[in-house]
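Please treat every number below as a calculation from the coordinates, not as lab data. Treat the numbers as computed from the prediction; the structure is a model and nothing was measured. Please note: Cβ atoms are built from the backbone with ideal geometry, for glycine as well, and neighbour counts cover all protein chains shown.
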Amino acid sequence: MDVFLIQLLTGLAGASSLFLVAAGLTVIFGVTRVVNFSHGSLFMLGAYLAWSILTRLPPDPAWYALGVAGAALATAGIGVLLEIGLLRRIYRAPELFQLLATFGVVLVVQDLTLLIWGPGDLTLPRPPWLRAFVPIADAMFPRYDLILIVIGPLVLAALWLLFTRTRWGTLVRAATEDRDMVAALGVDQRLLFTLVFGLGAGLAGLGGALALPDGSANLQMDLSVITQAFVVVVVGGMGSLPGAWLAALLIALLESFGVLLLPRATLVLMFVVMAAVLAVRPHGLLGRPQAPARESGQSFALIRPASAPLRALALILLVAAIAAPFVAGPFLLSVLTEALIAMLFAASLHVMMGPGGMASFGHAAWFGIGAYVAAAAAKGLLAPMPVGLLLAPLLAGVLALAFGWFVVRLSGIYFAMLTLAFAQILWAAASQSDATGGDNGILGVWPDAWAQDPRVFYAVALVLCAGGALALRRVLFSPFGFALRAARDAAPRAEAIGLNPPALRMAAAALAGAAAGLAGAVGAYFNGSVFPTTMSLGRSVDALVMVLLGGVQTMAGPVVGALVYTGLYDVLIRFTDLWRLVLGLVIIALVLAFPQGIAGAAQRFERDAAT
Amino acid sequence: MPLTRRAILAGAAALGTPALAAAQGAPIRIGEINSYTAIPAFTLPYRNGWQLALEQLNAMGGVLGRKLEVISRDDAGKPQDAVRIAGELLDGERVDLLAGGYLSNVGLAISDYALHRKRLYVAGEPLTDALVWEQGNRTCFRLRPSTYMQAAMLVEDAAKLPAKRWVSVAPNYEYGTSAVKWFKQLLAERRPDVQFVAEQWPALGRIDAGATVAALEAARPEAIFNVTFGPDLTNFVRQGNTRGLFEGRSVVSVLTGEPEYLEPLGEETPPGWLVTGYPVNSVTDPANTAFIQAYKARFNETPKMGSVVGYALIFSIVAGILKAGGTGTEALCDALPGATFATPFGQVTWRAIDHQSTLGTYVGRTALANGQGTMVDWRYVDGASVMPSDAFVRRLRPA
Amino acid sequence: MTVLEAVGLGKAFGGVLALDGVSFSVEAGEMLAMIGPNGAGKSTCFNLLGGQLSPDAGRVRLAGRDITGLAPRRLARLGVARTFQITAVFASMTVRENVQVALQAHHHRSLRFWRAAHTSFREAADRLLAQVDMLAAADRAAGVLAYGDLKRVELALALATNPTLLLMDEPTAGMAAAERGALMALVRKLADASGLAVLFTEHDMDVVFGVADRVLVLNRGTLIAAGAPDAIRADARVREVYLGATGATQRC
């Protein structure tokens, strides 16, 4: 009973922290529809700023509160700058494109934080009042946690008052429901968005500052908090503050009790919870179906086969690629091979995200499955490479089809988060299972003797990956591809002509999964080893970045995106320690310059030039 | 810099190979890969360490009359990138051998690749036992004391504690599970009366410290075995301090005595923990002192454990080159086993049976001094003294 | 021949009864207009017939076969086509491609993965486009068409499925007066030629009385009158609902 009470209180304190971060994220998404990947970075900045401020202030509670408020305000200010400088310019871009911009921000903030505050973990010296405890049920319960327990509902109440009792708040709520209508009513949408973003950022900063006494300001905070924040927001329902509070409560309590009952489940507990909630309530606990954008026609640009000049360019590139083994050294060949694998991986995600209209945050799951199947074929079955290369896409495709069957009812961000949950669960399973070698992975997955020469392997990769990407392109211009796009463009209209959108999407998911699995298998033989990291969130984000960078609306997009991203990354990481800063800035610059992605911009430029 | 010169000359004299006063001939190129941007808190001091070693060796004429070069690359903590970069170093930069690594999976990936390419890989930091046991091979050598060794070093003193009810808290991945496995097994051999009544497995980097501490407290342990490190450790210590988890209990903690992990704890450093680490502020022997002084003079800061690893890594490789008289892979792989080299911790040997070095670490207790954490009551434990039997190793290591 | 028969259709949203006891039929080759003030329940009725919604009460029969509550895509295969009030075409395709998709779907060719779609049913698509006078725009992006043109493309899409029943939800909304007549005259021609039954809603009385064979009048969810246009024009209840007690002309 005592343990129960302590874990309950601990969970409540954790819920407050979670809620603060999630609240900002859900408010931002609710109004601006921006999927703010940099929210974790704002949390981290809040902690670092709080450290800088609080270590310079006297250690008593009044000063502490002031310092925390100062850090939150400073973070809000950074959020405002971010919105004005970057996000404001890309609201018209396709929905997930802003994700790319915020990803660039994450990279930049990581390196800037390292530059400004150094690599070590920074801890706040705790004065006695921060270390005090309250005796509860035979145990010592931190007084600070009690304060946290109170802060959560206080902030919720304050926000509730703000959103229901002030004019501004009412506008924000209206904008959450239908932002186009609010704009039509003559409200200055820009100012509204800026303030909302600032509020969200401030809440994140507050969360970070409040987390400082119990831990440290460190460089891993941004990534470790962002996944949790997204899960809470999705479980609660995007855009719903009370939902975020409920979800934070649910997840924090489950984790708090979870460590008692299932200590090994720490890797996946919140994802299992999210999947369970979404299965029953596809829009989260208190979420509502998102209002569709009014000018829905605008968001789907015309997709045409490439024009003659672009085809010629592609042909030249293909010829160059074929000629490469004869002129390039082994290192360049290895870079090209990696680019080919990335290209197929990106193309497979594009099938789902572009024509399929299903954004996925967990696409690396199929890549990883393919890699592990290849590894199992090579080491377990002792089968030659072609067998692995055949089995991988087959199994990945079948599993993707099965997964698609379960989730095809969901859409938008909920679908994306569920794919993330699935990938994380798989990742956790691979990390903890002996059959997959656990964290130490499977080694010795080398190509057959005849393909071990880098030039030969490159040729194999070229045939499979470039061939695979071309095949995907062909499928997308087939009647199936048209039907898929029809289902995405206007689902009711598609149904009215006899199409079955869920079935089409399932087929697309299976195709995408198979292609990703093939890429994973090629990658496995290329690297010689497979680790759970092939299914990590980082890999899924890589694929997302490549597709978005190239442009979701063109068929050449994923290819361009993959080549640009891998090329940039490989070059930058070789030449500077600050590669994240540079890469982040480049991505931001590309986002601002090419809101339709690089290939999209090329296509538009070409079309404008033709008229 | 007396240590280094003595070591080189001693090594050279032992082989009868004269060391030339000035460096001539093609430089010796070491391709080094590490997760510089992923874990800067460790890798930046580590880089300082190998840079210092490089400068010292080159200042004295290099190795075998050749200048020593390190071509260093960042792998961003991703095994697949590490493999590609290893290829670049071998093919593009034409390095003579590969070195480095921090994360265990990166180390394994490079080791496998090096084996495939039949080139030497000397791993510095990766702790996984598999690197020299289950996945050990001819061309891979590992410097740092492994997870097994760290656990074994602590078990000696842990067995002397009166505690019978233990709990463990370790990050939920291979390093954590291995550390707990070995510690439990080795402790049970000495103390069959010990039982582990609860285990906690926080996700790496995402510990729910309050809940974890409360869960451990609920088990009413007499002693705690901790494997968390970095931000997780900081969170765990702070929550533990406030909730009184450590009062009246013995705590055995891996790696916590290393400056990288001890410093952030600051004035909340829990005293009396039995830890492995590096008492950089209180070692007085000549080898350590020389290194610390040289490091401080060069970099204006106290070295950390990573610095020692980086520094020793170079010397561990050079020992092989000297003994082999060259940089051919086969010659090196034959020469390294049994080779001895000097480190700030003393003389270290490469074991022939599993290519693990006998580099040890310090075991001691944490204490608070001037608002900072330090190690006291420490002693150096030679790696060789905590190795399992040869039969044990042969069972695990592929032939 | 009776193509469509609706018997006692009822639908409630929350506590509000949108439709109550609506019964009517449509014959082959007939153009039946459904009129009524805003909020009368016309769109609800259409959604029930088109499968977008399921009725709470009543049955719908297509050529004798019960199709109540079937999904839209089943209905499409059975010969029911519709156009939507908020025009929906496939914005990422050209006009011709839009029609081609519909033709491919109708002929069960949508699960072809390898063949180039733009060659499939190209001539048939062009023929349909010519019928609705949109052939000149065949290569233009469907997403940037003028509203009136969109309606005609939608008509071509609907016709591509070779329907026996065509449901048109406010087919001429947003069009200029001259265009409206032209579109409905076209539909009239098609109905006469192929025996297509057409049920459409409309606010423009000129259009209604110009092409409709019969007229249904809905008000507040119930059918208050049904019959030939002239009879409806003269019906007192209809006049009251539309024109007010004073008899003043009123455009809705």
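Per-structure values
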{"read-out": "Dimensions (Å) - chain C, Cα atoms, principal axes, largest first", "value": "61, 38, 35"}
{"read-out": "Kirkwood Rh in Å, taken over all unlike Cα pairs in the stretch B:240-399", "value": "17.5"}
{"read-out": "Summed side-chain charge close to B:His355 - residues other than B:His355 whose Cβ falls under 10 Å, Lys, Arg +1, Asp, Glu -1", "value": "+3"}
{"read-out": "Rg(Cα)/(2.2 N^0.38 Å) for the stretch B:258-323, N = residue count", "value": "1.31"}
{"read-out": "FRET efficiency, A:Val463 to A:Arg89 (Cβ-Cβ, R0 60 Å, nearest 0.05)", "value": "0.90"}
{"read-out": "Helix B:147-158 axis, angle to chain B major axis (alpha carbon atoms, nearest 10°)", "value": "50"}
{"read-out": "Radius 14 Å from Cβ of C:Val60, net charge of other residues (Lys, Arg +1; Asp, Glu -1)", "value": "+3"}
{"read-out": "Residue-count net charge about B:Glu222 - beta-carbon cut-off 14 Å; Lys, Arg +1, Asp, Glu -1", "value": "+3"}
{"read-out": "Candidate lysines for bridging to B:Lys181, where Cα separation is under 23 Å - those fewer than 8 sequence places away on the same chain excluded", "value": "B:Lys160, B:Lys164"}
{"read-out": "Selection from B:Leu154, A:Ile28, C:Ser92 lying farthest towards where the dipole of the protein assembly as shown points positive, charges on Cβ", "value": "C:Ser92"}
{"read-out": "Chain B, Rg to Rh (Cα coordinates; Rh as Kirkwood inverse mean 1/r)", "value": "0.97"}
{"read-out": "For C:Leu4, distant residues with modelled amide H under 5 Å away", "value": "C:Val26, C:Ala63"}
{"read-out": "Shape box of the stretch A:2-280 [Cα atoms, principal axes, largest first, Å]", "value": "60, 47, 36"}
{"read-out": "Distance between the stretch B:96-161 and the stretch A:540-570 - C-alpha centres, whole angstrom", "value": "36"}
{"read-out": "The protein assembly as shown - Rg and Dmax from Cα coordinates, angstrom", "value": "34.9, 124"}
{"read-out": "Acute angle (nearest 10 degrees) that the helix C:177-194 long axis makes with the longest principal axis of chain C, alpha-carbon atoms", "value": "80"}
{"read-out": "Acute angle (nearest 10 degrees) that the helix A:479-489 long axis makes with the longest principal axis of chain A, alpha-carbon atoms", "value": "20"}
{"read-out": "Candidate lysines for bridging to B:Lys323, where Cα separation is under 26 Å - those fewer than 8 sequence places away on the same chain excluded", "value": "B:Lys67, B:Lys118"}
{"read-out": "Of B:Pro303, B:Pro279, B:Pro231, the one that fluctuates the most in a GNM where chain B has Cα springs shorter than 10 Å", "value": "B:Pro231"}
{"read-out": "Cut-off of 10 Å, at most 12 other beta carbons, DSSP loop: longest stretch of chain B lacking such trypsin sites (Lys or Arg not before Pro)", "value": "B:161-399"}
{"read-out": "Once the Cα gyration tensor of the stretch A:47-152 is diagonalised, semi-axes √(5λ) in Å", "value": "35, 17, 14"}
{"read-out": "D (Stokes-Einstein, µm²/s), Kirkwood Cα radius, the stretch A:332-610, 1.567 mPa s at 4 °C", "value": "68"}
{"read-out": "Longest DSSP-loop-exposure-free segment, trypsin sites (Lys or Arg not before Pro), chain A, at most 15 other Cβ within 10 Å", "value": "A:410-611"}
{"read-out": "Dipole of the protein assembly as shown, positive end: most advanced residue of B:Tyr113, A:Val109, B:Ile224 [Cβ charges, Cα centre]", "value": "B:Tyr113"}
{"read-out": "Rg [Å, one decimal], Dmax [Å, integer] - chain A, C-alpha atoms", "value": "24.8, 80"}
{"read-out": "Once the Cα gyration tensor of the stretch A:424-538 is diagonalised, semi-axes √(5λ) in Å", "value": "35, 21, 8"}
{"read-out": "Cα-only radius of gyration and Dmax that characterise the stretch B:91-229, units Å", "value": "18.0, 58"}
{"read-out": "Relative contact order of the stretch A:332-610, pairs being alpha-carbon contacts under 8 Å that are 6 or more residues apart, as %", "value": "34"}
{"read-out": "Student exercise, the stretch A:2-280 dipole from Lys, Arg, Asp, Glu Cβ charges, in Debye to nearest 20", "value": "500"}
{"read-out": "Spatial separation of Cα centroids for the stretch B:345-381 and the stretch B:219-254, in angstrom", "value": "21"}
{"read-out": "Debye, to nearest 20: dipole size of the protein assembly as shown, +1 on Lys, Arg Cβ, -1 on Asp, Glu Cβ", "value": "1280"}
{"read-out": "Relative compactness, the stretch C:52-123, computed as alpha-carbon Rg over 2.2 N^0.38 Å", "value": "1.36"}
{"read-out": "Listed residues B:Tyr362, C:Ala105, B:Phe236: farthest to the positive end of the dipole of the protein assembly as shown (Cβ charges)", "value": "C:Ala105"}
{"read-out": "Other protein chain Cβ atoms within 10 Å, averaged over every residue that makes up A:440-450", "value": "4"}
{"read-out": "Whole-number percent relative contact order across chain B, with pairs defined as alpha carbons under 8 Å at least 6 apart", "value": "18"}
{"read-out": "Test item: Cα-centred dipole of the stretch A:332-610, Lys/Arg +1 and Asp/Glu -1 on Cβ, debye", "value": "580"}
{"read-out": "Estimated FRET transfer efficiency (A:Val272, C:Leu186; beta-carbon r; R0 60 Å; 0.05)", "value": "0.55"}
